[in-house]
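Take a look at the structure below.
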Amino acid sequence: MGNHVFVRPATALDAQFIGAIHAQTMHDAIVAALGKDPEPEIAQVFVPEAFSRQWEQAITDLPSPEHAVLTAVDEGKVVGFAAVSPTHVEAADGEEPEEELPVVVEITALEVPPENGRAGHGSRLLAAATDLASEQGATIVQMWVLAGDDAHTDFLHSAGFAPTGLRRSMQIGSEEATEHCWYAMLSEA
């Protein structure tokens, strides 16, 4: 019999594991984006306990029913997580749009640490996140990724995502990094 692996909604009890995973993967993504270790005052921010407290708050007090935090579980151990949030697309300059605007759901986090990688956890999390987006009527799902974070970029590309061409700057101490927006169209029911 194979491993007992699945994705489920996160609970407050998962927050410590999610926090540890997020502290590690965010640090790794920033190192990849900067091409070096972050400045000491930035590096000290990656404390799993602080991330855990924030995730516990997020899990127990979701801003809306459309927000979700999911966990990937392997043999009873949390090995990854994803967070989903609605995004509101508005017409330019308050004008009435000529056609219906797309419904966009953003994956605000999709994290599996390297030691749990290549086991399908990211794919299961992505499938669950896009299922939630579809249930919310989304036609597009998107995710922002730091330039240089090849692990996320390669994963999204292999899952059928493409860059939108949108980018934004992120200040990391005295350094600046760029994030790129990736998206996928969801089939309509």
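The values are calculated or read from the model by the stated rules, or taken from the named source; none is laboratory data. The model shown is predicted, which means the values in this text are computed figures rather than measured ones. In this analysis, Cβ positions are derived from the backbone assuming ideal geometry, glycine residues included, and neighbour counts consider all displayed protein chains. Side chains are part of the model used for accessible areas, which takes the heavy atoms of the whole protein and leaves out ligands, DNA and RNA. Shrake-Rupley method; radii C 1.70, N 1.55, O 1.52, S 1.80 Å.
Checked against the criterion of being assigned to a loop (DSSP other than H, G, I, E, B), closer than 25 Å to residue 32 by Cα and touching a helix residue (DSSP H, G or I) at 6+ places or on another chain (Cβ under 8 Å), region 96-116 has at least one qualifying residue. Among the residues of region 112-151, which ones are among the acidic types (Asp, Glu) and either open to solvent by 20 Å² or more (accessible area, probe 1.4 Å) or over 24 Å from residue 30 (Cα atoms) (or both)? 115, 131, 135, 150 - these are the residues of region 112-151 that are among the acidic types (Asp, Glu) and either open to solvent by 20 Å² or more (accessible area, probe 1.4 Å) or over 24 Å from residue 30 (Cα atoms) (or both).
Restricted to region 143-166, and to residues that are within 16 Å of the chain's Cα centre (by Cα) and in a strand (DSSP E or B), which residue is nearest to residue 105 (Cα to Cα)? Here the answer is 143. What pairs come up if the first residue lies in region 41-56 and is among the basic types (Lys, Arg), the second is part of a helix (DSSP H, G or I) and surrounded by 14 or more Cβ atoms within 10 Å (Cβ to Cβ), and their beta carbons are under 7 Å apart, counting only those six or more places apart or on different chains? Pairs found: none.
Answer yes if at least one residue in region 19-41 is in contact with a Ser or Thr (Cβ under 7 Å, 6 or more places away or on another chain), within 18 Å of residue 84 (Cα to Cα) and surrounded by 13 or more Cβ atoms within 10 Å (Cβ to Cβ), and no otherwise. Yes: region 19-41 contains one or more residues that are in contact with a Ser or Thr (Cβ under 7 Å, 6 or more places away or on another chain), within 18 Å of residue 84 (Cα to Cα) and surrounded by 13 or more Cβ atoms within 10 Å (Cβ to Cβ). Does residue 86 satisfy being at pLDDT below 95, assigned to a loop (DSSP other than H, G, I, E, B) and either polar (S, T, N, Q) or open to solvent by 30 Å² or more (accessible area, probe 1.4 Å) (or both)? No: the conditions fail for residue 86. Does residue 43 qualify as being among the small types (Gly, Ala, Ser), out of contact with any Phe, Trp or Tyr (no Cβ under 6 Å at 6 or more places or on another chain) and modelled with pLDDT under 95? Judged against the criteria, residue 43 is a match. Taking (1) over 20 Å from residue 117 (Cα atoms); (2) open to solvent by 80 Å² or more (accessible area, probe 1.4 Å); (3) of a type in the set (S, T, N, Q) in turn, residue 16 satisfies each apart from (1). Taken together, the residues in region 44-70 that are open to solvent by less than 40 Å² (accessible area, probe 1.4 Å), farther than 21 Å from residue 129 by Cβ and aliphatic (A, V, I, L, M) amount to 1.
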